[in-house]
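Trainee: For reference, the structure I am asking about is given below.
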Amino acid sequence: DIQMTQSPSSLSASVGDRVTITCQASQDITNYLNWYQQKPGKAPKLLIYDASILETGVPSRFSGSGSGTDFTFTISSLQPEDIATYYCQQSDNLPLTFGGGTKVEIK
Amino acid sequence: EVHLVESGGGLVQPGGSLRLSCAASGFTFSDHFMDWVRQAPGKGLEWVGRIRNKANKYITDYAASVNGRFTFSRDDSENSLYLQMNSLKTEDTAVYYCGRVSTLRNAFDIWGQGTMVTVSS
């Protein structure tokens, strides 16, 4: 199984800050990497697929990059509505696997 | 509007069974692979498995943790997905989500709201 290591597990930042989350795969997954946002009590929501493609309707302050084993998710200017837990997920191989999540809070 | 709505969750004793349903609307259900993902209380997301579409012979794949105990099925005429859970364990306690696998994005582009399954004596 492909292990996804996500860091940090939590972070606290101010409104307007740039926030970066990393995700490392245990083997090459090319660009088959997705990012989801989950707000408390809600289902996850797809933000980015294929490592860097923004899902329709997602604000442009969200972005993703990377390939192979190392990936980055960025919020360019943190907004209060971005408070959530973010998960990476590899879609290269079954079983699909998720990172452990990053809880983003406002300082 | 595209929707997935899960139902059937509840409290069940260890060793018991439960059947979850996921009703789809607003899209051509039969075109899509459909997956189940679960989330234990306070924990992260765990993929449970997949049922493919008719063109792919409804082939299923299961996570090792549920293989042999859980069974996926679907009724394309009813736009419905099912998860039969047998021999339930306390560690199966979780919110269960059904998710649509996008035909274009190799990702879950639509999720249901989830249904809670609690396995406890």
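The values are calculated or read from the model by the stated rules, or taken from the named source; none is laboratory data. No experiment lies behind these values; they were computed from the predicted model shown. Here Cβ is always computed from backbone atoms with ideal geometry, including for glycine, and neighbour counts include all displayed protein chains.
Trainee: Is there a residue being under 11 Å from the mean Cα position of the chain (by Cα), within 14 Å of another protein chain (Cβ to nearest Cβ) and farther than 22 Å from B:Asp35 by Cβ anywhere in the range A:28-48?
Mentor: No; the residues of the range A:28-48 include none that is under 11 Å from the mean Cα position of the chain (by Cα), within 14 Å of another protein chain (Cβ to nearest Cβ) and farther than 22 Å from B:Asp35 by Cβ.
Trainee: Looking at the range A:90-107 only, could you name the residues that are of a type outside the set (Gly, Ala, Ser) and part of a loop (DSSP other than H, G, I, E, B)?
Mentor: The answer is A:Asp92, A:Asn93, A:Leu94, A:Pro95, A:Leu96, A:Lys107.
Trainee: Please determine whether any residue of the range A:87-99 is buried (at least 20 other Cβ atoms within 10 Å of the Cβ), in contact (Cβ under 8 Å) with a residue 24 or more places away in the chain, under 30 Å from B:Tyr62 (Cβ atoms) and out of contact with any Leu (no Cβ under 8 Å at 6 or more places or on another chain).
Mentor: For the range A:87-99, residues buried (at least 20 other Cβ atoms within 10 Å of the Cβ), in contact (Cβ under 8 Å) with a residue 24 or more places away in the chain, under 30 Å from B:Tyr62 (Cβ atoms) and out of contact with any Leu (no Cβ under 8 Å at 6 or more places or on another chain): present.
Trainee: (1) more than 25 Å from B:Gly114 (Cα to Cα); (2) within 14 Å of another protein chain (Cβ to nearest Cβ); (3) in contact (Cβ under 8 Å) with a residue 60 or more places away in the chain: which one isn't true of A:Ser52, the others all being true?
Mentor: (3) is the only condition that A:Ser52 fails.
Trainee: Is it true that B:Tyr96 is more than 9 Å from every other protein chain (Cβ to nearest Cβ), of a type in the set (Phe, Trp, Tyr), in a strand (DSSP E or B) and surrounded by 21 or more Cβ atoms within 10 Å (Cβ to Cβ)?
Mentor: yes
Trainee: Just checking, does the range B:99-112 include any residue being touching a Ser or Thr at 6+ places or on another chain (Cβ under 8 Å) and more than 24 Å from A:Leu33 (Cβ to Cβ)?
Mentor: Within the range B:99-112 (the criterion being touching a Ser or Thr at 6+ places or on another chain (Cβ under 8 Å) and more than 24 Å from A:Leu33 (Cβ to Cβ)), the answer is no, since none of the residues qualifies.
Trainee: Which of (1) more than 29 Å from A:Ser52 (Cβ to Cβ); (2) out of contact with any Lys or Arg (no Cβ under 9 Å at 6 or more places or on another chain); (3) within 14 Å of chain A (Cβ to nearest Cβ); (4) surrounded by fewer than 15 Cβ atoms within 10 Å (Cβ to Cβ) does B:Leu104 not meet, given it meets every other one?
Mentor: Exception for B:Leu104: condition (1).
Trainee: Let me ask another. Residues in the range B:43-59 that are within 14 Å of chain A (Cβ to nearest Cβ) and either among the hydroxyl-bearing types (Ser, Thr, Tyr) or assigned to a strand (DSSP E or B) (or both): how many?
Mentor: Counting residues in the range B:43-59 that are within 14 Å of chain A (Cβ to nearest Cβ) and either among the hydroxyl-bearing types (Ser, Thr, Tyr) or assigned to a strand (DSSP E or B) (or both) gives 7.
Trainee: If you go through the range A:87-107 one residue at a time, how many are away from chain B (no Cβ under 11 Å) and within 26 Å of B:Thr103 (Cα to Cα)? Before you say what the answer is, go through the steps one by one.
Mentor: To start, the set of residues in the range A:87-107 that are away from chain B (no Cβ under 11 Å) comprises A:104-107.
Remaining after also requiring within 26 Å of B:Thr103 (Cα to Cα): none.
Within the range A:87-107, residues that are away from chain B (no Cβ under 11 Å) and within 26 Å of B:Thr103 (Cα to Cα) number 0.
Trainee: Something else: Kindly establish whether B:Thr90 is modelled with pLDDT of 95 or more, touching a Pro at 6+ places or on another chain (Cβ under 7 Å) and either within 30 Å of B:Thr28 (Cα to Cα) or more than 9 Å from chain A (Cβ to nearest Cβ) (or both).
Mentor: For B:Thr90, the condition - modelled with pLDDT of 95 or more, touching a Pro at 6+ places or on another chain (Cβ under 7 Å) and either within 30 Å of B:Thr28 (Cα to Cα) or more than 9 Å from chain A (Cβ to nearest Cβ) (or both) - is met.
Trainee: Moving to a separate point now. If a residue must be assigned to a loop (DSSP other than H, G, I, E, B) and closer than 17 Å to B:Gly15 by Cβ, how many such residues does the range B:60-93 contain?
Mentor: Final tally of qualifying residues: 9.
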